[in-house]
Amino acid sequence: MNHQCHWTELENIFLPREATIVQTAQPTPLEKHLTLKMAGGPPLKFDPGQMLEVSLFGYGEIPIGFASSPTRENTFDIVVRKVGRVSGAIHQLKAGQSLYVRGPLGRGFDLPKLRGRDVLIVAGGIGLCPTRSLIQYILDRRGEFERFILFYGARDPQQQLFVADLVKWRGSGDVEYFETVDRGDPSWKGHVGLITTLFPNVRLDAETRVVICGPPVMFRFVIRELDKLGIKRENVFVDLERRMKCGVGKCGHCQINDRYVCVDGPVFPFSEVQGLEEAI
């Protein structure tokens with residue numbers, strides 16, 4: 001019997017579902033933080049690192065990663081950077097209004113390979129958004145992981161995201177948190193420098209699992225530091241969600257040789273993409 005005869009609307013990844021905005025925040029002029037709840041049916045079930053297609057009728061859709069953990073039930077977070085027509089329209093929405101989502105899409109972080117290990121997350125700029133999903137997951141299930149180290153770098157103090165989270169992480173005994181900004185200001189008392197300048201501050205075991213997400217230029221320099229430490233590239237995971245478009249392997253926008261970032265990723269072991277220069 002044809003299984004398609006039994007598909008429900010909720011199983012159709014091409015069919016957007018309505019989500020209601022519960023809360024909004026504007027951490028920077030370009031980023032808008034939305035907390036959403038499905039308007040009907042069951043809540044979304046997803047893995048940290050997976051993606052959504054977010055749409056507004058009459059404007060179009062854009063791919064966005066989850067910025068919260070599935071352990072935080074009933075609602076989920078996204079952060080939308082204002083760069084075009086669709087994202088600009090989403091920035092105008094307020095609590096109580098709706099947008100539409102389809103997903104979850106893609107392959108998220110390989111949680112079985114992270115459990116029981118030391119984990120280092122290196123997040124640069126807006127790369128903190130998709131990694132926040134994993135950060136919250138680890139903190140909510142802290143006993144499943146060994147050491148947890150987090151590096152976060154921003155251009156300047158005004159560009160830092162999730163400021164309330166940063167305050168918690170600075171004082172938390174559950175995460176070894178290190179932060180830096182490329183350029184300080186008179187109010188900034190913390191570290192100034194590229195994110196790679198944080199590595200001398202911490203000793204890492206060679207079996208540490210590492211997750212990297214940030215601007216493309218950051219990847220190569222972070223990988224160089226990890227190579228010095230003897231961390232195997234198959235234990236390094238990179239998030240390439242910036243390349244996604246349709247989310248289902250149809251448009252070809254995210255194709256890298258024989259790989260589709262939206263279907264095979266967006267999270268990859270670095271050993272799988274290290275030879276593809278256009279990937280990083």
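For this structure, a couple of remarks:
- Search result, residues across region 67-86 that are polar (S, T, N, Q), closer than 15 Å to I21 by Cα and crowded, with 16+ Cβ neighbours inside 10 Å: S68, T75
- Screening the candidates V181, V167, V163 for the property of being surrounded by 17 or more Cβ atoms within 10 Å (Cβ to Cβ) and within 21 Å of the chain's Cα centre (by Cα) yields one hit, V181.
Each row is one residue, and each column tells you yes or no for (1) farther than 21 Å from L240 by Cβ; (2) assigned by TED's automatic domain parsing to the domain that holds D174; (3) in a loop (DSSP other than H, G, I, E, B).
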position: S69; (1), (2), (3): no, no, yes
position: I78; (1), (2), (3): no, no, no
position: A89; (1), (2), (3): yes, no, no
position: I121; (1), (2), (3): no, yes, no
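- Residue within region 129-141 that is modelled with pLDDT of 95 or more, over 21 Å from P63 (Cβ atoms), buried (at least 22 other Cβ atoms within 10 Å of the Cβ) and not aromatic (F, W, Y) present: yes
- Count of residues meeting criterion [hydrophobic (A, V, I, L, M, F, W, C), closer than 19 Å to C213 by Cβ and without any contact (Cβ under 8 Å) to a residue 40 or more places away in the chain] in region 152-166: 2
- When residues in region 212-258 are screened for being modelled with pLDDT under 65 and of a type outside the set (G, A, S), 15 of them pass.
- The sole residue among G127, G49, G143 that is in contact with an Asp or Glu (Cβ under 8 Å, 6 or more places away or on another chain), closer than 23 Å to L204 by Cβ and assigned by TED's automatic domain parsing to the domain that holds V217 is G127.
- F46 meets each of the listed conditions (1) modelled with pLDDT under 95; (2) under 30 Å from F221 (Cβ atoms); (3) part of a loop (DSSP other than H, G, I, E, B); (4) under 16 Å from the mean Cα position of the chain (by Cα) apart from (2).
The values are calculated or read from the model by the stated rules, or taken from the named source; none is laboratory data. Note that the structure is a prediction, hence the values are computed from the model and not measured. Neighbour counts run over all protein chains shown; Cβ positions are idealised from the backbone, glycine included.
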